[in-house]
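J.: Input: one structure, supplied below.
The values are calculated or read from the model by the stated rules, or taken from the named source; none is laboratory data. Computed from a predicted model, the values in this text were never measured in an experiment. Heads up, the Cβs are rebuilt from the backbone with ideal geometry, glycines too, and the neighbour counts pull from every protein chain shown. The protein model used for the area step is the full one, side chains on, heavy atoms only, and it has no ligands, DNA or RNA in it. Shrake-Rupley method; radii C 1.70, N 1.55, O 1.52, S 1.80 Å.
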Amino acid sequence: MSQQLEIWLFAVTNLLTLVLGSVLTVLAYRAYLREDLHAFRIVTAGFALITLGTFVELVYELSVNEVLGGGFTAFGAELFLLRTVEGILIALGFGLFIYSLNNV
């Protein structure tokens, strides 16, 4: 598979994740405005963090890493740091889900 096709597939799948995550975030926020429940506000923040966590890699690979001359590949300590930031944001989002479910 050519590198160009791999880059496009990577970008499209991550953009789809961003769109769907953003839709979920907006729906949760609208539910919060409609119902005025604190739990919905927390879930909104959870969806936003998870969406941001999955989008971090796309932004890094296609902009920051390319500008710094690393090409489209993160590896070594750079890859571990990228995955750590991504994992922290996703874990915080799931933590907010758990918090909101336990405090309904």
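J.: Under a 1.4 Å probe, what is the accessible area of the chain per residue, stated in Å²?
T.: Numbers: 6880 Å² over 104 residues.
Result: 66 Å² per residue.
J.: Whole-Hz ³J(HN,Hα) for each residue in segment 15-23, computed from phi via Karplus 6.51 cos²θ - 1.76 cosθ + 1.60 with θ = phi - 60°, x for glycine and proline: what do you get?
T.: Those phi angles translate into 5, 4, 4, 4, 5, 5, x, 5, 4 Hz.
J.: Per-residue ellipticity at 222 nm for the chain, helices alone: DSSP H runs ≥ 4 residues times -39500 (n - 2.57), over residue total, nearest 500 deg cm²/dmol? Provide the component values of the computation, followed by the final result.
T.: On the way: 3 runs with 81 residues, N = 104.
Calculated mean residue ellipticity at 222 nm is -28000 deg cm²/dmol.
J.: Turning to a different aspect of this structure: Can you tell me the 0 to 90 degree angle between the C-alpha axis of helix 77-102 and the longest principal axis of the chain, rounded to 10?
T.: Value to nearest ten degrees: 10.
J.: Quick check: convex hull over the Cα atoms of segment 1-53, volume per residue in Å³, rounded to an integer? Present the calculation step by step, with values, prior to reporting the outcome.
T.: Details: hull volume 2.6 nm³, N = 53.
Enclosed volume per residue, from the Cα hull, is 50 Å³.
J.: Run the numbers on the chain and let me know its relative contact order in percent, using alpha-carbon pairs under 8 Å that are six or more apart.
T.: Values: 98 pairs, mean separation 33.6, N = 104.
Rounded, it is 32 percent for the chain.
J.: Taking a ≥ b ≥ c as the square roots of the Cα gyration tensor eigenvalues, with a/c under 1.5 meaning rounded and otherwise prolate when a/b beats b/c, else oblate, which class fits the chain? Working shown, then result.
T.: On the way: a/c = 3.58, a/b = 2.08, b/c = 1.72.
Prolate, since a/c reaches 1.5 and a/b exceeds b/c.
J.: How do the peptides 93-101, 48-56 rank, highest first, by the average count of neighbouring beta carbon atoms within 10 Å per residue?
T.: Ranking, from highest mean packing down: 48-56, 93-101.
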